[in-house]
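The structure appears below as structure tokens.
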Amino acid sequence: MPSFAHHLFVCQNERDATAARPSCAHADSHKLRDALKDAVKKAGLKHRVRVNGAGCLDQCEHAAVAVVYPGAVWYGFVHPQDAEEIVQEHLIAGRPVERLRLPEGCVNTGQCPHRRP
């Protein structure tokens with residue numbers, strides 16, 4: 001079997017609603033994962049693209065979060081209705097969805113304006 005062309009990881013972390021940081025599960029990340037899986041299957045990419053739920057990706061302020069490899073393209077504030085666009089534009093056409101893409105200054109940095117002190 002050939003290797004996958006893309007891997008999508010969708011944060012599924014769930015914190016208590018009173019936690020200091022938000023969690024992706026409270027932002028419908030489970031529905032997002034399912035919508036991405038459905039869109040991948042519908043596009044005929046099931047054996048070329050793998051969609052996985054992931055533990056915390058430490059981008060909590062951007063919930064729901066997904067990352068696409070190769071390329072390490074991070075998406076934030078993603079909703080289930082965005083799944084079709086990610087599959088069509090990014091995975092098929094090769095163009096990341098810029099309106100959902102997290103700025104590089106927001107990934108793995110304490111300097112992101114979305115991060116609470």
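A short reminder: the numbers here are calculations on the coordinates, not readings from a lab. Computed from a predicted structure; not experimentally measured. Here the Cβ positions follow ideal geometry from the backbone for every residue, glycine too, while neighbour counts run over all protein chains shown.
Give, to the nearest whole percent, the P(r) tail of the chain beyond 16 angstrom, counting all Cα pairs. Before the final figure, lay out the partial values.
Details: 3859 of 6786 pairs.
More than 16 Å apart: 57 percent of the Cα pairs in the chain.
Sorted from fewest to most neighbouring beta carbons within 10 Å, what does the list Cys11, Cys112 look like?
The fewest-first ordering by Cβ neighbours comes to Cys112, Cys11.
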Work out, step by step, the length gained on full extension between Glu104 and Lys42: first 0.36 nm times the residue separation, then minus their alpha carbon distance; give nm to one decimal. 19.2 nm
J(HN,Hα) series, the stretch 14-26, from Karplus relation 6.51 cos²θ - 1.76 cosθ + 1.60, nearest Hz, glycine and proline x: 10, 9, 4, 4, 8, 5, 5, 10, x, 9, 5, 4, 6
Given H placed 1.01 Å from N in the peptide plane, which residues other than close sequence neighbours of Ser23 have an amide H under 5 Å from its amide H? Arg15
Can you give the log10 of the normalised intensity I(q)/I(0) at q = 0.12, 0.14, 0.16 Å⁻¹, computed with Debye over equal Cα scatterers of the stretch 46-106? -0.27, -0.37, -0.49
For the stretch 28-41, in order, what is each residue's ³J(HN,Hα) by Karplus, 6.51 cos²θ - 1.76 cosθ + 1.60 with θ = phi - 60°, in whole Hz (x at glycine and Pro)? 6, 5, 5, 5, 4, 4, 4, 5, 5, 4, 5, 5, 5, 5
Counting sequence-distant residues (5 or more places) and residues on other chains, those with an amide H built under 5 Å from that of Leu100 are none
Label points 7 Å out from Cα along the Cβ direction at Lys31 and Ser3: separation in nm? 3.6
What is the pair-distance distribution P(r) of the stretch 20-83, computed from all Cα-Cα distances in 10 Å bins starting at 0, with each bin given as a whole percent? 22, 55, 21, 2, 0
